[in-house]
Structures are given as structure tokens and as C-alpha cells.
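Note sheet for the following structure.
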Amino acid sequence: MSHARPTRFSDRAALRAAVEAWRRQGESVVLVPTMGALHAGHLALVAHAKAIGRRAVVSIFVNPTQFGPSEDFARYPRDVAADLDRLAETGADAAWTPEIDTMYPPDFSTRIEVAGLTEGLCGAVRPGHFAGVATVVTKLLNQVRPDIALFGEKDFQQLQVIRRAVRDLDLGVEIRGVPTIREADGLALSSRNRYLDAAERAVAPRLHAVLARIAAALRAGAAAGPLLAEGVAELTAAGFGPVQYLEVRDAETLAPLERVEGPARVLAAAYLGRTRLIDNVAV
Ligand code: PAF
């Protein structure tokens, strides 16, 4: 089915007026926060938003505060016109595309730190990343005031950090995770996959294959330590490097696990050439 492009808002008051008008009519509002460079994974989130709510708002903002000084902020892909065209396929109602000064005026002084959950995994190798994410997501939730916000499970630690911040700060929004969308060969969809050259793209699905194999062995009762050591060796032999982490964690608290008894996740981050890939699989 083809739809119109969503209405684009770059002015906060206009966005609020539109959302409040929907609310007055009793219409539920679902937010899908993104940094643009939309791919089929994002479109699945928007389709999910339209399935569970009456109105879907997609935010597009490449958030500088979640990138480290040597990360890819400058080269992160940006093409809002193409994103709006893609959103027309989904029936999204609004695109919130704030300017940098709306998000971070020159004297912006506030930062939201979520302790504990942010200490390992990506938090260990990307200092400040989750403070940047928690701060910008809190702002987006306050700007849009949705009933529900959707996040992909691919960024699993991010999802748990956001859940905790929203609970701790009584933001009054329901946070829902949506399963990762994958290519046919298992590679998790990511805006950063476009950085991969052909040889790297051929190797990239090994990350998911290793995670899936470890998850299956854990389910069968194996201990994590030897499986993780083998997994790192396999990824390194395949051409990944450095493997920043490959770990088994409790799905809610993110505490490290040696054996799995309840809901858990195997999570990894590894470079393939200049591209950092992350992925995780439920145990
Ligand atoms: O997952 C992302 O795209 C970003 O981290 C988010 C949640 C939009 C915050 O900038």
C-alpha cells in the first residue's frame, strides 16, 4: 500500500500542537526514535508502531553526544529526503527532525547518567555513549510525549538503559523492544552495514552465526567460558578485530553469567575493517 510522506516538523511547538490534537481525539501515539539512514529494520519498527497505535511519529536526529571523539559522527550517513520517501511506505504520520540548537542550545547543561547497566559491554568501550543516548531519548520523549516508544533489540544494552531511565525518572512512557531484523544470511540490519566493502560483507554474518551457536550450547547446559573463548578465536580467524566483547549476560540486569538458568543474551561487538558491528541473540 502506498501512503503520503509523513508531515515533517522541525519546530517543537508545531509538533506538540499536532500530537496534542491527536490526543484530544483519543488517538494513541507511538514514537520510533532514529538517527536516520533508515533501513528495513527501522521500517519494521514503524510498521509495528502503526500496528499497535493510531499515530506513528519517527524522530530523525544524529545525536552528537552519543559519539566519541574518534567515532563516525562526521561520516554517519545523512539523507533526510530519502528517509522521508522511505517513511511514505510505512504510513508514518509525522517525522520530527529537530535542528541541533533545538536539542542542544549553546548553554545546554544537563546529562542523564544511568549507573550500573552502562558499566560493561558497549559502556566499557564507548565512554559517555549511554549518557548521550539517555539524555537525547529523554528529550525526545518529553518533546513528543508518546504513549509508547519502540527500540530495536539489536541495541540491547541501549534498550535496557532506556527502560531503566524511563522508570527511574517516572517519564510515564511505555518502552517496548522489537526483535532484530536480519538479512537472509543472518547479518543484523544496521545503518553502518553500508560502510562494509564486498569482502567484509561476505564475512559479516559470521558474527550472528557465532552468537547463535553459543546461545544453542548455553541452552543445552554448557558453561560460557570455553564457548566465549572459542567464539573470539573464530571471529578473529574470520577477519574480525578487535573483538571488543563477547559475553553472556542476564537479559534484565545485564549481570555476567557463566551458566544460563533464566532469560539471558549473548552479546558481541567487533570491528570488521573500520566498521564496528554489534549484535546479540536471546538464550
Ligand atoms: O538507536 C539509535 O538510533 C539511537 O541511539 C537513538 C535511540 C535514536 C538515540 O539517538
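In percent, what relative contact order does region 1-134 have, based on Cα pairs under 8 Å that are 6 or more apart in sequence?
34
Stretched out fully, how many nm does the piece from Arg5 to Arg54 gain, at 0.36 nm a residue minus the Cα gap? Mind dumping the intermediate values first?
Details: separation 49, 0.36 × 49 = 17.64 nm, distance 1.64 nm.
Here the answer is 16.0 nm.
For helix 40-52, report the angle its Cα long axis makes with the longest principal axis of the Cα atoms of the chain; keep it between 0 and 90° and round to the nearest 10°.
It is inclined by approximately 60 degrees.
Given R₀ = 30 Å, FRET efficiency for Ala255-Arg12 by Cβ-Cβ distance, to 0.05?
On the way: r = 39 Å, r/R0 = 1.29.
Using R0 = 30 Å, I get an efficiency of 0.20.
Could you put Ile52, Ile162 in order, starting from the residue whose Cβ has the fewest other Cβ atoms within 10 Å?
The order, fewest Cβ neighbours first, is Ile52, Ile162.
Between Glu99 and Ala209, how many nm apart are label points set 7 Å from Cα along the C-beta direction?
Output for this residue pair reads 5.0 nm.
How far is helix 129-144 tilted, in degrees, relative to the longest principal axis of the Cα atoms in the chain, given as a value from 0 to 90 rounded to the nearest 10?
Roughly 30 degrees, rounded to the nearest 10.
Suppose a student asked you for the relative contact order of the chain, using Cα pairs under 8 Å spaced at least 6 residues apart; what percent would you report?
17 percent.
Calculate the length of the line joining the C-alpha centroid of region 136-176 to that of region 105-131, in whole Å.
Using only Cα atoms to place each centre, the spacing works out to 15 Å.
If you bin every alpha carbon distance in the chain into 10 Å steps from zero, what whole percent lands in each bin?
Binned Cα distances yield the sequence 6, 27, 35, 22, 8, 1.
Can you show me the helix-derived [θ] at 222 nm for the chain, built from DSSP H runs with n ≥ 4 at -39,500 (n - 2.57) apiece and divided by the number of residues, rounded to the nearest 500. Numbers along the way, then the final one.
Details: 10 runs with 108 residues, N = 283.
Computed mean residue ellipticity for the chain: -11500 deg cm²/dmol.
Quick one: length gained pulling Val80 to Ala21 fully straight, 0.36 nm per residue minus the C-alpha distance? Write down the numbers at each step before the final one.
Values: separation 59, 0.36 × 59 = 21.24 nm, distance 2.54 nm.
Extra length available between Val80 and Ala21 comes to 18.7 nm.
Under the 0.36 nm per residue contour assumption, what length would be gained going from the current alpha-carbon distance of Ala237 and Ala282 to full extension?
Value of the extension gain: 13.8 nm.
Values in this text are rule-based calculations from the coordinates and carry no lab data. Here the structure is a predicted model, which means the values were calculated and not measured. As a convention, Cβ positions derive from the backbone with ideal geometry for all residues, glycine included, and neighbour counts pool all protein chains shown.
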